[in-house]
1. Among rounded, prolate and oblate, which fits the stretch 36-93 when a ≥ b ≥ c are the square roots of the eigenvalues of its C-alpha gyration tensor, a/c under 1.5 means rounded, and a/b larger than b/c means prolate?
2. Quick one: in the chain, what % of C-alpha pairs are over 41 Å apart?
3. Mind giving me the nanometre distance, one decimal, between the label points for THR231 and VAL82, set 7 Å out from Cα along Cα→Cβ?
4. On a full-extension model of 0.36 nm per residue, what is the gain between GLU271 and ASN55, subtracting their alpha-carbon distance, rounded to one decimal in nm?
5. Once amide H atoms are built 1.01 Å from N in the peptide plane, which residues 5 or more positions from CYS156, or in another chain, come under 5 Å H to H?
6. To make sure I understand the rule: partners must be aspartates and glutamates, Cα under 12 Å from the Cα of LYS232, and not fewer than 8 residues away in the same chain. Which ones qualify?
7. Taking the number of other C-beta atoms within 10 Å as the exposure measure, put PHE294, PHE213 in order starting with the fewest.
8. What order do you get for 107-113, 160-166, 297-303 when each peptide is scored by the mean count of other beta carbon atoms within 10 Å, highest first?
Amino acid sequence: GKGIAVFTSGGDSQGMNAAVRAVVRMGIYLGCKVYFIKEGYQGMVDGGINIVEANWSSVSSIIHLGGTVIGSARCQDFRERVGRMKAAKNLINRGITNLVIIGGDGSLTGANLFRQEWSSLLDELLANGEITPEQRNKYRVLNIAGLVGSIDNDFCGTDMTIGTDSALHRIIEATDAIISTAYSHQRTFIMEVMGRHCGYLSVVSALTSEADFVFCPESPPPEDWEKRLCTKLEQERTAGQRLNIIIVAEGAIDREGKAITAEQVRKVIVENLHQDTRVTVLGHVQRGGSPSAFDRILGCRMGAEAVMALMEAKEDTVPCVISLDGNQAIRLPLMDCVKRTQAVAKAMANKQWEDAVDLRGKS
Ligand code: ATP
């Protein structure tokens, strides 16, 4: 059978385990030899005990766990050609020519580069006598399928990334808890949520928690936001509301591109309205905990589709990313999506917020 390896890279997210499980089981079901690569690209470069064959039961009892049980890492070595040579050799030694990578846009960019270089890496390994001419020929094509694991929902081409829904659940649970105590003491709470370049978590959590105000990266508030904020909060209190909730994304900015922090918002409220105002930074709680049903199913579907894509790949098939489009798991050219994601980041850096939103919205 064909050799497939699955690994997770970059930041972890809930639902990655469901995807790993699906890759392993679909692969075995289709007669492949499936391997885990532990600790992301670092494990691929280091080889040895980091690359282990998986069996049906090695992915039992992981679907309900957050994070990634096979470990993730950032890896400097893989950014260098020498590191990628080592990685290629480790894969060839085990007959692996199919990769399922679960990670963010950086990890997927690395995978694409690896695929582009594969042929020349093999030539060099052959010239150095590290692989045989038979191996050079037999393993000449590297197929790649990517899945996007990210709680931020910050990748172009897919409606949802693996982990976003669970992170939202975590935020909503925390906000609900804060609301009951805020009610008792008539307090105002500012919740800082994740999302450095993408406002999805902040906007959706604001909508679902009945927040009074939200600050997010793609939509910097008007210059007089301090006045607008205070007016809005005062109106709510006058109308009989006993508390106020404000959501601030960690990447929130003003129209000059300067950060708007939760602490800054707190000061504005205290100085102008003298409300009892507290800040809660949710932090890594958002990444942890068990994955939601949605993320488990998303991971399962995407993992299974990734294996199908690899099995159907021809020599000239470009690496794909498995995306959710409506309720459909589809395959899109990996680099198109990565390039669009990078274009969004660039538009944001240039303060072209509307362009950024437009670019992200296009499927
Ligand atoms: P997150 O969104 O959670 O940050 P990510 O996949 O974007 O996830 P990165 O830190 O950008 O995270 O990338 C993870 C790893 O992928 C890097 O540590 C590196 O090993 C590899 N990688 C990223 N970009 C490249 C590249 N251009 N060339 C080679 N390898 C890369």
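1. Numbers: a/c = 4.12, a/b = 1.72, b/c = 2.39.
Oblate shape, in that a/c is at least 1.5 and b/c is the bigger or equal ratio.
2. Working: 13829 of 65703 pairs.
Considering the chain, 21 percent of its Cα-Cα pairs are separated by more than 41 Å.
3. 6.2 nm
4. On the way: separation 216, 0.36 × 216 = 77.76 nm, distance 6.12 nm.
Here the segment from GLU271 to ASN55 would lengthen by 71.6 nm.
5. Under 5 Å from the amide H of CYS156 lie the amide H atoms of THR341, each far enough along the sequence or on another chain.
6. ASP212
7. Details: PHE294 16, PHE213 20.
Fewest to most other Cβ atoms nearby, the residues stand as PHE294, PHE213.
8. Values: 107-113: 22.0, 160-166: 26.4, 297-303: 24.4.
By packing density, highest mean first, the sequence is 160-166, 297-303, 107-113.
Where a number appears in this text, it was derived from the coordinates with a stated rule and is not lab data. Small disclaimer: the values here were computed from a predicted structure and weren't measured. Every residue, glycine as well, gets a Cβ built from its backbone with ideal geometry; the counts of neighbours run over all protein chains shown.
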